[in-house]
1. How much of the DSSP bridge set in region 152-274 is antiparallel, in percent, rounded to the nearest 5?
2. Once phi is turned into ³J(HN,Hα) by the Karplus curve 6.51 cos²θ - 1.76 cosθ + 1.60 with θ = phi - 60°, what whole-Hz value does each residue of region 63-69 show in order, with x for glycine and proline?
3. Relative to the longest principal axis of the C-alpha atoms of the chain, give the angle of the C-alpha long axis of helix 291-309, reported between 0 and 90° and rounded to the nearest 10°.
4. For the ranges 5-12, 270-277, 251-258, what's the packing order if you count other beta-carbon atoms within 10 Å of each residue, average per peptide, and put the highest first?
5. At 0.36 nm per residue, and after removing the present C-alpha to C-alpha distance, how many nm does the segment from R175 to T118 gain when stretched out fully?
6. Return one number: the angle in degrees, 0 to 90 and rounded to the nearest 10, between the long axis of the Cα atoms of helix 10-23 and the longest principal axis of the Cα atoms of the chain.
7. So what is the accessible area of the chain per residue, in Å², with the probe set to 1.4 Å?
8. Over the C-alpha atoms of region 46-88, what are the Rg and the largest Cα-to-Cα span, Dmax, in Å?
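The values are calculated or read from the model by the stated rules, or taken from the named source; none is laboratory data. Note that the structure is a prediction, hence the values are computed from the model and not measured. All Cβ positions, even for glycine, are placed from backbone atoms using ideal geometry, and neighbour counts span all protein chains on display. To get the accessible areas, we keep the full protein, side chains included, count just its heavy atoms, and leave off ligands, DNA and RNA. Shrake-Rupley method; radii C 1.70, N 1.55, O 1.52, S 1.80 Å.
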Amino acid sequence: MTRIVALTGGVGGAKLALGLDAVLAPEDLTLVVNTGDDFDHLGLHIAPDIDTLTYTLAGLANPELGWGRGDESWNCLQTLSTLGGETWFQLGDRDLALHLVRTQALKAGQRLSEVTTTLTRQLGIEATVLPMSDDPVRTHVETNAGRLSFQHYFVREQCEPRVEAIEFEGADTARAAAGVVEAIDDCDGVIICPSNPFLSVDPMLAIDELHTALRRTTAPVIAVSPIVGGAAIKGPTAKIMHELNLGTMADEIARHYGDLLDLFVLDELDKFLHGQLDVPTTVTQTVMRTQNDKEALARTCLAAVEQLRA
């Protein structure tokens, strides 16, 4: 039995989470999800990273995009357009049902963690899925076009503005969601998925209670690089690194996490960095195109955890 806590956000994180879900018993996996991307839109509480993970684990995700639901229809969005409503953030008809249920539950006084547990169980997910916090933490991006909320930067502006700084509003007072610290304290290993470090993982690390738990744990903490051969598999990670005057190689990600890590997982394309970093490294294929790829990377991470524990 190996009890794992995985920190995840975005499509890359959801891919490894799916691999971990396939090779671990449900009671041995807790997935802590970034909620810095959450926002209110059209009167609804949208939680993009939770939803991407939920649809992925439930086998409902759009296989081409990695986010949103497959077999989706867009009648509401099309009608919204004819009425002059905002359509820059695409919400499909099936997707809307989840947002409606979540928003109703939150307005009735439930915590986000409670709602998330209910929704994931309804969709047949047995692993524990927890938001990083029940308190609102919102990612804002300072750019050459001004200060933008995360979704305005990421979706509406398509990540085009130059990033100058990233802030996590509310993180200084937010507490980790119920169950997060306990899971870290009781786990055998922590895996930081290949999510965007600056937009998906840093919001979690900005919560003092969560960060302190990661530093306190005696379990090994490993991270999988989201950078392969100087480029991001998906998303603006490399672009942001360049704009923040960082290098765009995987070693910068290891330096970014610093002494939080006990091991850093490199892709085979970056094997020349093996043994050259301040943190121990291992090399494997980290690009996950198939389910077998996801499970293979999950098994590599679990083997690394066991080796570090030994």
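1. Working: 2 of 8 bridges.
Of all bridge pairs located within region 152-274, approximately 25 percent are antiparallel.
2. x, 7, 8, x, 10, x, 8
3. 50 degrees
4. Working: 5-12: 27.0, 270-277: 14.0, 251-258: 18.5.
Averaged packing, sorted descending, gives the order 5-12, 251-258, 270-277.
5. On the way: separation 57, 0.36 × 57 = 20.52 nm, distance 2.09 nm.
Computed gain between R175 and T118 is 18.4 nm.
6. In the chain, helix 10-23 runs at an angle near 60 degrees to the longest axis.
7. On the way: 13630 Å² over 310 residues.
That works out to 44 Å² for each residue.
8. Every Cα atom of region 46-88 included, Rg and Dmax give 12.2, 35 Å.
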